[in-house]
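The values are calculated or read from the model by the stated rules, or taken from the named source; none is laboratory data. Since the structure is predicted, the reported quantities are computational estimates derived from the model, not experimental observations. Here the Cβ is made from the backbone with ideal geometry for all residues, glycine too, and neighbour counts use every protein chain on show.
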Amino acid sequence: MKTYGTTPDFAPAKTRATLAATDVRSADAVTKINRVCGATTARSTRISTFNSAL
Amino acid sequence: MTGPLVPFREFVLKVHSRCDLACDHCYVYEHADQSWLTRPKVISDEAISWTARRLAEHATTHALPSVTVILHGGEPLLAGPARLRRVCEELGSALNGIAELDLRIHTNGVQLSPRYLDLFDEFHVRVGISLDGDRAANDRHRRFADGRSSHPMVLRAVELLREERYRHLDLGLLCTVDIHNDPVAVHDALAELEPPLVDFLLPHATWDEPPPRPDGSPTAYAAWLLTVFDRWTERGRPMPVRMFSSVLSSLSGGPSLTESLGLAPTDLVVIETDGTLEQVDSLKSAYEGAAATGFDVFSNTFDEVAAHPGVRARQLGLAGVSETCRRCPVVRSCGGGLYTHRYRSDGASGGGFDNPSVYCADLAALIRGIEERTVAATESPAVRSPAALLAAHQDLTRTLLAVVHDTLGGRGGALWDDAWRLAAAVEADTAGADALDAVLAHPYTRTWLVDALTDLDAGRGLAEPAAERLAATVAAAAVRARLDLPVPVAYRDGGLHLPTLGTVVLGGPGERGAAVVHPADGGFLVRETEAAPGTGRRIAPDEPEGPHWLPVRVLRQAPAPALLLDDLDPLRDCFDAPAVDRLAAEDAEAWAHRIAGAWALLADAVPDQAAEAARTLTTLTPLSTGAAAPGRHGPGALGSGPVTGAMEPALGLLSGFRRAKLRALGEVTDLYALDGTWEHRTPWGNEHVTFSRLLAETYERAGLGLYDPRFLTGVPEALDMIENAAEVTVDGKQLIAAVRKEISGTRSAAGRNRGRSLSPSGDGAIVLVSDRKVTFE
Ligand code: SF4
């Protein structure tokens, strides 16, 4: 019995960042993580919601 | 009113109550509440000091990382540089060391000069300016009391703010809509100034004083805004527009970004020049005293205001909007509109805010219009393409690993640090990068990383086995890629598990130690750190099972795809039912047999589903009980209890695969939002369920219906319900469209599967999951 040999089928990730260069702080990264990990310490910056100002 | 108190994070500080313009659309001066007439013009020293004190107290009580203070008016620049300096100094020193202070000012721009901007630079006060568009548009309302245009002065202010030295303070432009203006000219005039952000405000109106509709159209404001949206799109979205961003965010399942839209709780409070505390002051256009709370900074805390019923009413999300809005399909994006716009004095319940917005038809048309225009571009490719789904998961796993490393901040220990460095070396090699991808794609990698990050976030630190897993992962990748790279690892309980490969037995139960894995001759050598050179265990690439090596078996029995039968990974116990220990060889053979039998049925009955499953399923884990089901892991795994025959495992596999797919989708995109806020009645069970459960049951039934059309009973009705529910996002709708397509040919194909008799109810019914039985009615 061959010990290993299954490799999942990926869409080619052409310009993938290395692990060290992976984005870990952006709002996008936080959104991704929050879908699988309840609440993380990472926080994206809030924008003001007051209607009569920016 | 129940629920925890929502702390304020945004404070509107009125520093001057008058204005140098006399805009006829301004809510402060032209609307019902004229309380400004009796207020001091300028904020007093005492009010400043008490505001600073209360802010610090509030930030401390609620451990707020930052608070936003917006200096507002009237026209705040009328307070003069000395007063504004005092405000900045007092707020800054009160919050120093407690919370970050985000200071902003919103001005009409008339007086904005370097004198002010230098002050704002010193205290990092960012500046927003009101501008209604081109000159004709701006002059329609923004005039001095004597009728003079303010436009040239405002443009000068905008230009000044755009200068290199002040640009970092620029917040952008706020434009009040007037549908008499040319929307394209307004857009272009704003875009030309290259603002970092723009927002459009609907003119203040209530049911008592509805907005002007010159041509009588109930959606004239939506039409105007959508013309701007189209121009904005055509021009390549030259700047973010808060109103559009908010709708796009909520359509995709995210939060709304402004108090005028969506269901996010309002967390802002207004401090008047005399220190009284009010609710958002646009309420003033409703009726005299509408914004009053009866509190002030001298004698009340912000917590007291936060508990005020009027404030609470605007933090209730769905419970805080009218009955009509609660049942409205766009309520997540709309939220009933700006609170003020809901007011009517003669409502059914005697007047108040319990109504849809006076802009209701406009808001619905605007949201639908934006959705129609953007749906193709905002959809996640993962919903339709299995390859894109896997790519998104690979990206998620890598992001998780990088976040764990970042969160550790160098406190992961020597083994972790070495492994992280070696991972970079593995990645630098093409075959190594592929091998690392393959090991990271192993479903239990996800279990490890999610648990590790959860522990770190809870302040529990990194568990030793979690640190060791990175070393084992890198070692497995090095072995798979045949790299000449020794990888330090640690073993525990006598075993070193290399994910996707197998377990090397290095000692008895309970024994632990350090070792090095060195890839060699296609296999690898493991040497304990303490052992003499030249010793160690050599594992050949096709090493059979023996006292020192337990390989992860690969099931290879056509027509089933090659699948890892993972009964070794220490992290595999992540299913509802417990995972069983290592199977005996003959049991593994029996598994291979059963899976092949089930797969033959699937490939015949549901070829598309079987083909997709073959591409995405990588791992099976034997459980003590239960039908095939996914657990807490990355995509590609199913766990299953012992099963007999082929029919049951075929349906079980299909059901497990459907649930795994839906789960995998939900982990990389938002199919719905605010789950649990509404109740839905399932067409089959007549039961009240949450949206997520309705979606899960529908998706599973539709999949099983491809195998046996009797499962499709009620599915078309459920798809309609889902599509019209408030929770569903653009990606949720995309999924529903895909399901409709899947099942569209099924009725005609029904005859094909009739021979595969399943008893329509009772004993033969497939138990798909312990808490959600899908059976025939
Ligand atoms: S569109 Fe109308 S009914 Fe729907 S949430 Fe908005 S105001 Fe309410």
Considering B:D132, B:D102, which residue is surrounded by fewer than 22 Cβ atoms within 10 Å (Cβ to Cβ) and of a type in the set (D, E)?
B:D102
Find the residue count for region B:717-732, including only residues that are assigned to a helix (DSSP H, G or I) and touching a residue at least 24 places away in the same chain (Cβ under 8 Å).
7
The helices (runs of 4 or more DSSP H) lying entirely within region B:361-454 that contain at least 2 residues which are more than 10 Å from every other protein chain (Cβ to nearest Cβ) and without any contact (Cβ under 8 Å) to a residue 40 or more places away in the chain are B:413-427
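The rows are residues; the columns are (1) under 26 Å from the mean Cα position of the chain (by Cα); (2) assigned to a helix (DSSP H, G or I); (3) at pLDDT 90 or above; (4) crowded, with 21+ Cβ neighbours inside 10 Å.
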residue: B:G666; (1), (2), (3), (4): yes, yes, yes, no
residue: B:G676; (1), (2), (3), (4): yes, no, no, no
residue: B:A702; (1), (2), (3), (4): no, yes, yes, yes
residue: B:L706; (1), (2), (3), (4): no, yes, yes, yes
Out of B:S380, B:S357, which single residue is surrounded by 18 or more Cβ atoms within 10 Å (Cβ to Cβ) and within 16 Å of the ligand (Cβ to nearest atom)?
B:S357
Scan region B:239-257 and report the pairs whose first residue is at positive phi and whose second residue is in a loop (DSSP other than H, G, I, E, B) and of a type outside the set (S, T, Y), with Cβ atoms within less than 8 Å and a gap of 6+ or a chain change.
B:G253/B:D670; B:G253/B:L671; B:G253/B:A673
Residue under question is B:T293, and the condition is that it be touching a strand residue (DSSP E or B) at 6+ places or on another chain (Cβ under 7 Å), more than 13 Å from the ligand (Cβ to nearest atom) and more than 25 Å from B:V177 (Cα to Cα); does it hold?
yes
Quick one: count up the residues across region B:79-106 that are touching a residue at least 60 places away in the same chain (Cβ under 8 Å) and among the acidic types (D, E).
0
Is it the case that region B:19-28 has a residue that's modelled with pLDDT of 90 or more and either within 21 Å of A:T49 (Cβ to Cβ) or surrounded by 22 or more Cβ atoms within 10 Å (Cβ to Cβ) (or both)?
no
Which of (1) in contact with a Ser or Thr (Cβ under 9 Å, 6 or more places away or on another chain); (2) part of a loop (DSSP other than H, G, I, E, B); (3) at the interface with another protein chain (Cβ under 10 Å from one of its Cβ atoms) is the odd one out, the single condition B:G459 does not satisfy?
(1)
Check off (1) within 30 Å of B:T729 (Cβ to Cβ); (2) in contact with a Gly (Cβ under 6 Å, 6 or more places away or on another chain) for B:T621 and give me the number that stays unchecked.
(1)
Looking at region B:332-347, which of the residues that are away from every other protein chain (no Cβ under 11 Å) and of a type in the set (S, T, N, Q) is nearest to the ligand (Cβ to nearest atom)?
B:S333
Taking region B:453-487 and keeping only residues that are closer than 16 Å to B:L436 by Cβ and small (G, A, S), one is left with B:A471, B:A472, B:A475, B:A476, B:A477, B:A478, B:A481
Going by the conditions given, is B:T529 among the polar types (S, T, N, Q), surrounded by fewer than 24 Cβ atoms within 10 Å (Cβ to Cβ) and closer than 30 Å to B:P630 by Cβ?
no
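Of the residues B:G109, B:G147, B:G133, which single one is part of a loop (DSSP other than H, G, I, E, B) and without any contact (Cβ under 8 Å) to a residue 40 or more places away in the chain? Talk me through it step by step, then tell me what you get.
Details: B:G109 fails: without any contact (Cβ under 8 Å) to a residue 40 or more places away in the chain; B:G133 fails: without any contact (Cβ under 8 Å) to a residue 40 or more places away in the chain.
Step by step, each of B:G109, B:G147, B:G133 is checked, and only B:G147 is part of a loop (DSSP other than H, G, I, E, B) and without any contact (Cβ under 8 Å) to a residue 40 or more places away in the chain.
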Mind listing whichever residues of region B:315-325 are more than 8 Å from the ligand (Cβ to nearest atom), surrounded by fewer than 21 Cβ atoms within 10 Å (Cβ to Cβ) and without any contact (Cβ under 8 Å) to a residue 60 or more places away in the chain?
B:A319, B:E323
Can you confirm whether region B:616-627 contains a residue that is in a loop (DSSP other than H, G, I, E, B), surrounded by 23 or more Cβ atoms within 10 Å (Cβ to Cβ) and hydrophobic (A, V, I, L, M, F, W, C)?
yes
Taking the residues in region B:556-569 that are crowded, with 19+ Cβ neighbours inside 10 Å, in a loop (DSSP other than H, G, I, E, B) and in contact with a His (Cβ under 9 Å, 6 or more places away or on another chain) as candidates, determine which candidate is farthest from the other protein chains (Cβ to nearest Cβ).
B:D569
